[in-house]
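These notes concern the structure reproduced below.
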Amino acid sequence: MHIQHNVDLAPFTTFGIHAVAESFVEVSTIEELRKAIAWAQAANTPFKVLGSGSNILVTDDVAGLIIRIRIMGRTSTVEASSATIHCGAGENWHSIVQWSVENGWGGLENLALIPGTVGAAPMQNIGAYGTEQSSCFVELQALDVTTGIVATVTKDECAFGYRESIFKRDLRHQMVITSVTYRLATAPVVNVSYRDVAEELHSCAVIEPQVADVFDAVVAIRQRKLPDPRVIGNAGSFFKNPVVDLDTYAQLVAAHPTMPSYAQADGTYKLAAAWLIDQCGWKGYRSGDAGVHDRQALVLVNHGNAVGSQLLELSMRIQHQVQDQFGVDLEREINVW
Ligand code: EPU
């Protein structure tokens with residue numbers, strides 16, 4: 001375990017924003033993780049946990065210790081109708097999805113190409129194209145920072161919701177995820193309910209889509225619509241899609257009949273934040289190096305040398321205008337450091 005000091009965080013987040021971490025360490029085992037936490041506790045300095053930095057906006061230099069999780073490893077147990085995979089928190093998410101698809105195991109294919117690590121996936125219950133990671137999730141292991149003990153956390157205990165889990169709330173500073181277990185189907189039924197996916201398969205003349213076809217379709221859609229963080233700094237959707245009650249929905253749809261919306265099981269309606277932001281005219285906006293992507297208004301981008309505070313300020317201007325124009329609050333999806 002090698003603790004470094006005054007480390008530029010730009011290579012460690014997908015926004016690629018320069019900011020200095022007072023101390024920084026990469027851990028590849030649970031024992032190293034324990035030692036890193038103990039180091040911070042002994043130095044009486046705060047610590048923060050980082051995966052591949054794909055859901056974080058750093059707005060200032062960071063005091064204390066950044067612990068970058070590099071705990072790797074993947075195993076599988078195949079039974080008659082399912083394959084159970086167990087993956088280290090530091091594994092790259094997309095590479096796990098690809099490995100599952102190559103083996104013919106279904107369940108994660110709609111989540112192809114989502115930037116990030118396996119350990120970060122349950123934190124915000126990543127989702128795309130009609131699927132969330134919770135649909136295949138079995139359990140995870142996490143280190144309790146107070147006791148140093150690794151405990152199993154069950155699916156129920158994770159309290160998954162739309163981009164939500166207990167790790168964003170009650171257990172935020174208490175547990176560090178070290179590995180995750182998913183159960184996949186060996187005779188999968190694919191989910192092509194999302195319009196973009198169905199259209200992509202149709203345009204490729206795929207009649208009976210298999211897991212690999214859905215994977216290819218999702219990769220193609222994402223490559224077309226979303227900016228590649230290796231080319232242009234971004235952290236995916238900056239805001240969550242807002243959920244409103246029936247009355248609010250009825251008023252909005254009466255005023256804006258083309259507004260996209262998704263009825264929820266509890267009688268509420270999810271609105272498309274991208275559409276609301278787009279209607280306010282932000283798509284493709286740029287001020288210095290901080291901007292809004294020109295193909296997806298929900299994605300804020302760093303064109304090169306933006307600083308975090310510029311992007312945060314831009315996001316607040318967007319929130320205010322959406323509130324003024326539609327009376328809807330946009331909640332940030334990403335974490336701000
Ligand atoms: N739209 C616009 N303008 C735009 C972009 C989209 O009007 O600039 C409209 C679209 O026409 C569509 C609606 O907004 O009617 C929704 O757009 P899209 O299907 O692209 O999905 P999204 O709701 O913007 C969500 C997730 C994405 C995920 C996609 C696909 C959230 C916050 N975002 O985006 O997740 O990939 O659906 O499932 O739920 C992420 O979380 O970082 C992320 C990229």
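The values are calculated or read from the model by the stated rules, or taken from the named source; none is laboratory data. Keep in mind the model is a prediction, meaning the values are calculated, not measured. Positions of Cβ are backbone-derived with ideal geometry, glycine not excepted, and every protein chain shown enters the neighbour counts. Accessible surface is based on the protein model in full, side chains and every heavy atom, while ligands, DNA and RNA are left aside. Shrake-Rupley method; radii C 1.70, N 1.55, O 1.52, S 1.80 Å.
Worth a mention:
- Reported count of residues in segment 193-227, each being open to solvent by less than 60 Å² (accessible area, probe 1.4 Å) and at pLDDT below 95, is 1.
- Any hit, segment 205-217, residues being closer than 21 Å to Ser315 by Cβ and either near the ligand (Cβ under 9 Å from one of its atoms) or within 22 Å of the chain's Cα centre (by Cα) (or both): no
- Residues satisfying the stated conditions in segment 137-174, i.e. touching a Phe, Trp or Tyr at 6+ places or on another chain (Cβ under 8 Å) and open to solvent by 30 Å² or more (accessible area, probe 1.4 Å): Val138, Lys155, Phe160
- Pairs where the first residue, in segment 149-166, is outside the structural domain of Glu331 (by TED's automatic domain parsing) and the second is in a loop (DSSP other than H, G, I, E, B) and open to solvent by 50 Å² or more (accessible area, probe 1.4 Å), C-beta under 7 Å, 6+ apart: Ser165/Ala159; Ile166/Ala159
- When each of Asp213, Asp196 is tested for being among the acidic types (Asp, Glu) and touching a Cys at 6+ places or on another chain (Cβ under 8 Å), the lone residue that passes is Asp213.
- The set of residues in segment 315-337 that are open to solvent by 80 Å² or more (accessible area, probe 1.4 Å) and aromatic (Phe, Trp, Tyr) is empty.
- Inter-residue pairs, beta-carbon under 6 Å, first over 11 Å from Asn191 (Cβ atoms) and open to solvent by 30 Å² or more (accessible area, probe 1.4 Å) and in segment 123-136, second assigned to a helix (DSSP H, G or I) and at pLDDT 95 or above, 6+ apart: Met123/Phe167
- Residues of segment 172-188 that are in contact (Cβ under 8 Å) with a residue 12 or more places away in the chain and under 22 Å from Leu65 (Cα atoms): His173, Gln174, Met175, Val176, Ile177, Thr178, Ser179.
- Some residue of segment 303-314 being among the polar types (S, T, N, Q), assigned to a loop (DSSP other than H, G, I, E, B) and either under 21 Å from the mean Cα position of the chain (by Cα) or surrounded by fewer than 19 Cβ atoms within 10 Å (Cβ to Cβ) (or both): yes
- Which listed residue, of Ile69, Ile96, is more than 16 Å from the ligand (Cβ to nearest atom), among the aliphatic types (A, V, I, L, M) and under 26 Å from Val307 (Cα atoms): Ile69
- Filter result for Trp105 (in contact with a strand residue (DSSP E or B) (Cβ under 9 Å, 6 or more places away or on another chain), more than 16 Å from the ligand (Cβ to nearest atom), of a type in the set (Phe, Trp, Tyr) and over 21 Å from Arg172 (Cβ atoms)): yes
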